[in-house]
C-alpha cells in the first residue's frame, strides 16, 4: 500500500525531478557502421513522490540515432522540471504527452523521465513493472552482440560469447560485402551452432545488402534476421530488400513513432520492428507495439548503450507485453563497470524478473 503523503499532497504527486551525468566505460570499443563508442555517456534520472518513493530512469543518448548527446539530454531533462514537478505520476500517459509536446526531438531524455516516473509509481503501489505492463512473461532471453572487427576478433568473441551461454549472436556489418562476408564466416567458424542476426545500422545500399545475403547463401549460411540494412529514410530501399531477402528484415532506425510503424506496415517495408525506448519513450513504444501486432509484424526489443538500469526497463516492457520474437538487451554485459544492482537475475543470457520487487527493481550500488 502507498505510504502517507507528506504535507497533505497526494501520495503519487511528483515533488522532485533530478538528473546527473552517468558515465560508464565499455570493456573495449564498440564499432558499428555509423561510428565507434568507447563509453556510455548517459544521464541518471531521479523522480521523488510525495510519499517519499524514489524512481530511477536512464537516458542513453546516441548521436547517430536521433542526434542527442549527454549534454543536450541533461539540459532537456532540467528543462522538463516545471512540466513534471507537481504532476501526479498516476497520470503518466498525460505527462508523457505534455513532455512530447514541448520536447518532441528529445526522445532519449523523455524516455529517461518516463522510466523514472513509472518506476516511482509502481514502487509506490508495490507492483513489479513487468506486471504493470501486463505480466505476460517473467523472463526474456537476449542475444549477444559482436562489433565490426577483424575476422580473428570476431571468431574469438563468438567463441567467448557462446561459452558464456549465448545461443544467438548479433553481428554488426555495413562496411563492404567482401569484408562483411569474411566476418560472418569467421563468426560461423567460432560458433558454428549459433543463430546469426546481421545488423547493418543503415550501412548498405539495397543491392549491396542483397549481394551479401547471396554470398552467404553460396556458403550455406542463413541468418535468422537482417536488421536495418538501408538508410533509415530509404523505405523503398528497405522494402526492396525485404521482398527479396528470403529471411526476415527488421526496421530499427526507421522507426521512432507509431506513425513510422504504420508507414512501414502499409509499405510492407519490413517483417520485424525493433522497439527501443530511447527512440520513442515508453508510451509511444506501447503504441508502436500495438500497430505492429495489428499488422502482423514481429516485435524485437533493443537498446542503445544502456546500463543495467535502462536494459531492465526494456526487459520489463518486453516480458510484460509478451510476444517479442527477438531480444537484444546485451549491452550491460559489454560494460566495464556496473554501478547498479537488481532489476533481474541473470542466468546465461536469460534475464529473470523478480515478482517480489516493485518497479523495475534496480537500485544504485552502494
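Put a dot 7 Å past the Cα of residue 296, heading toward its Cβ, do the same for residue 366, and the two dots end up 5.4 nm apart. Can you tell me the orientation of helix 308-321 relative to the chain, as the angle in degrees between its alpha-carbon axis and the longest Cα principal axis, to the nearest 10? With both axes taken from Cα atoms, the answer is about 90 degrees. Dividing the mean sequence gap of close Cα pairs (under 8 Å, 6+ apart) by how many residues the stretch 131-364 holds gives a relative contact order of 21 percent. Taking only the alpha carbons of the stretch 60-215, we obtain Rg and Dmax values of 20.9, 59 Å in that order. Residue exposure proxy: 288, 282, ordered by other Cβ atoms within 10 angstrom of their Cβ from fewest to most, comes out as 282, 288.
Of all beta bridges that DSSP places with both ends in the chain, some 55 percent have antiparallel geometry.
Full extension of the chain between residue 127 and residue 354 yields a length gain of 80.7 nm, computed as 0.36 nm times the residue separation minus the alpha carbon distance.
Which of 39, 314 has the fewest other C-beta atoms within 10 Å, and how do the rest follow up to the most?
Exposure proxy ranking, most exposed first: 39, 314.
Between (i) 1.04; (ii) 1.33; (iii) 0.97, which matches Cα Rg over 2.2 N^0.38 Å calculated for the structure shown? Here Cα Rg over 2.2 N^0.38 Å agrees with entry (iii). Put in order of Cβ neighbour count within 10 Å, fewest first, the listed residues 278, 304, 333 become 333, 304, 278. Available extension along the chain between residue 105 and residue 262 is 54.6 nm, counting 0.36 nm per residue and deducting the alpha carbon span.
In this label model, residue 36 and residue 16 are separated by 4.1 nm, measuring between points 7 Å along each Cα→Cβ vector. An ellipsoid equivalent to the stretch 6-126, defined through the eigenvalues of its Cα gyration tensor, has semi-axes of 29, 15, 11 Å when rounded to whole angstrom and sorted largest first.
So how tilted is helix 282-294 from the main axis of the chain? Cα-based, degrees 0 to 90, rounded to 10. Roughly 50 degrees between the two axes. Connecting C-alpha atoms closer than 10 Å in a GNM of the chain, tell me which of 177, 249, 47 has the biggest fluctuation. Maximum among the listed residues: 177.
To the nearest ten degrees, helix 92-102 and the longest principal axis of the Cα atoms of the chain are 70 degrees apart.
Computed from the coordinates by the stated procedures, all read-outs in this text should not be read as laboratory data. Worth saying up front: this structure is predicted, and the values here are computed from it rather than measured. All Cβ positions, glycine included, derive from the backbone under ideal geometry; neighbour counts span all protein chains shown.
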